[in-house]
Amino acid sequence: MRLSAYSDYSLRVLMQAALRDPGRVTVDEVAETFGISRHHLVKVVHDLGCNGYLATHRGVGGGFTLARPPDEIRLGDIVRLGEESKTVIDCLDAEKRACRLLPSCRLKGVLDEAAAAFFAVLDGYTLADLVKQPSRMRAVLGI
């Protein structure tokens with residue numbers, strides 16, 4: 001399974017905000033730190049703000065900060081925001097017709113079970129777990 005760029009960027013934004021907490025971070029800083037398109041990050045930061053993970057500040061001195069403590073931000077919740085579907089396959093062809101094997105195939109069920117296990121593991125970790133060595137991470141990122 002491969003995460004979408006949106007999920008990846010969401011996690012990076014939150015990690016940088018946690019490392020700078022309580023200071024503010026800007027989209028430009030995250031873009032420069034990780035070599036990510038500013039355009040993509042604007043949407044990610046906006047959505048994380050709308051979902052209560054970031055507090056955004058406009059104008060001079062603007063940027064964003066964490067809206068919750070890092071130990072209250074579950075990784076599974078963040079990845080769920082970024083993924084289009086919680087299922088791996090939908091058993092439909094390009095014309096939206098059901099797969100011919102559907103009545104007897106167990107593939108979708110097996111893959112759905114695997115996806116549930118994937119999210120169960122992510123639910124066991126928080127943003128705080130990702131930034132347990134803040135001084136070392138700050139040094140590596142140059143922040």
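The values are calculated or read from the model by the stated rules, or taken from the named source; none is laboratory data. Remember, it's a predicted structure, so these values are computed and weren't measured experimentally. Ideal geometry is used to build each Cβ from the backbone, glycine not excepted, and the neighbour counts take in all protein chains shown.
Only residues that are modelled with pLDDT of 95 or more, in a strand (DSSP E or B) and surrounded by fewer than 17 Cβ atoms within 10 Å (Cβ to Cβ): list them for the range 57-77, please.
65
Considering only the range 111-122, state which residues are without any contact (Cβ under 8 Å) to a residue 40 or more places away in the chain and surrounded by 13 or more Cβ atoms within 10 Å (Cβ to Cβ).
111, 112
Got a number for residues in the range 109-128 being in contact with a Leu (Cβ under 8 Å, 6 or more places away or on another chain) and either part of a helix (DSSP H, G or I) or modelled with pLDDT under 95 (or both)? Even if it seems obvious, please write down each step before you answer.
Step one: list which residues in the range 109-128 are in contact with a Leu (Cβ under 8 Å, 6 or more places away or on another chain), which gives 122-123, 125-127.
Next, from what is left, pick out any that are either part of a helix (DSSP H, G or I) or modelled with pLDDT under 95 (or both): 122-123, 127.
Selection size over the range 109-128: 3.
How about the range 4-42: which of its residues are touching a residue at least 24 places away in the same chain (Cβ under 8 Å), of a type in the set (A, V, I, L, M) and exposed (fewer than 14 other Cβ atoms within 10 Å of the Cβ)?
Matches in the range 4-42: 5 only.
Counting only residues that are touching a strand residue (DSSP E or B) at 6+ places or on another chain (Cβ under 9 Å) and of a type in the set (Gly, Ala, Ser), how many does the range 69-122 have?
The qualifying residues number 1.
Touching a strand residue (DSSP E or B) at 6+ places or on another chain (Cβ under 6 Å) and at pLDDT 90 or above: does that describe residue 54? Give the steps one after another, and end with the answer.
Details: touching a strand residue (DSSP E or B) at 6+ places or on another chain (Cβ under 6 Å): yes; at pLDDT 90 or above: yes.
So residue 54 fits the description; yes.
Please tell me if residue 125 is touching a strand residue (DSSP E or B) at 6+ places or on another chain (Cβ under 9 Å), of a type in the set (Ser, Thr, Tyr), closer than 16 Å to residue 11 by Cβ and surrounded by 14 or more Cβ atoms within 10 Å (Cβ to Cβ).
Values: touching a strand residue (DSSP E or B) at 6+ places or on another chain (Cβ under 9 Å): yes; of a type in the set (Ser, Thr, Tyr): yes; closer than 16 Å to residue 11 by Cβ: yes; surrounded by 14 or more Cβ atoms within 10 Å (Cβ to Cβ): no.
No; evaluated as a whole, the condition is false for this residue.
Given the conditions (1) modelled with pLDDT of 85 or more; (2) more than 30 Å from residue 19 (Cβ to Cβ); (3) polar (S, T, N, Q), and given that residue 87 satisfies all but one, which numbered condition is not satisfied?
(1)
Being among the aliphatic types (A, V, I, L, M) and surrounded by fewer than 10 Cβ atoms within 10 Å (Cβ to Cβ) is the filter here, so list the residues in the range 87-109 that pass it.
Step one: list which residues in the range 87-109 are among the aliphatic types (A, V, I, L, M), which gives 88-89, 92, 94, 98, 101-102, 107.
Scanning the range 87-109 gives a single hit, 94.
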